[in-house]
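The values are calculated or read from the model by the stated rules, or taken from the named source; none is laboratory data. What you see is a predicted model; the values in this text were computed from it and never measured. Heavy atoms of the whole protein, side chains included, go into the accessibility calculation; ligands, DNA and RNA do not. Shrake-Rupley method; radii C 1.70, N 1.55, O 1.52, S 1.80 Å.
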Amino acid sequence: MKIIVLACLAAVAVAAPQLEERVVELLRDDRVANEDGTFSYTLEADNGIKTAVSGSIGAEGQINQEGSYTFILADGTQAVVTFVANENGFQPQSDILPTPHPLPAHVYELLEIAERQRAEGIVFE
């Protein structure tokens with residue numbers, strides 16, 4: 001029994017994928033931090049990953065940022081995500097981000113009916 005368990009463990013160890021460690025070289029690393037709280041940085045690596053961000057202090061004391069990052073997808077194409085992060089939260093934009101399906105026409109009609117009912121004081125519990 002012990003030999004069977006040992007043989008199974010050896011088979012699993014041999015079948016496990018071998019991970020290749022690769023050192024990623026930085027091609028660009030520019031950073032600026034100003035005394036007024038504004039900053040910017042740009043990083044670029046040899047594996048296609050890039051990011052560029054600038055930031056400032058917002059009206060409510062938060063850090064506002066805007067920028068982009070780029071990386072390589074499995075099919076070899078580049079994915080670019082631009083973003084704004086401020087008092088309204090993180091707001092990314094990209095072709096790779098999922099989008100909701102459009103609502104069917106009858107849903108808009110139902111929403112209008114519900115709004116009219118609320119305006120007339122009709123409440124369902």
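Looking at [x] 1.10; [y] 1.89; [z] 1.03, which value of Cα Rg over 2.2 N^0.38 Å comes from a calculation on the structure shown? Only one option fits the structure, namely [y]. Normalising the average separation of contacting C-alpha pairs (under 8 angstrom, six or more residues apart) by the number of residues puts the relative contact order of the chain at 11 percent.
Taken per residue, the accessible surface of the chain reaches 84 Å², heavy atoms only and a 1.4 Å probe. Spatial offset of the range 44-119 relative to the range 15-35 amounts to 25 Å, using the alpha carbon center of each. Between 85, 114, 45, the Gaussian network model of the chain with springs among Cα atoms under 10 angstrom shows the greatest mean-square fluctuation at 114.
Of all the accessible heavy-atom surface of the chain, with the other protein chains kept in place and a 1.4 Å probe, what percent is carbon and sulfur? Could you put the intermediate results ahead of the total?
On the way: 6130 of 10440 Å².
Here it works out to 59 percent.
When the Gaussian network model of the chain links Cα atoms closer than 10 Å, the mean-square fluctuations of 19, 97, 43 top out at 19.
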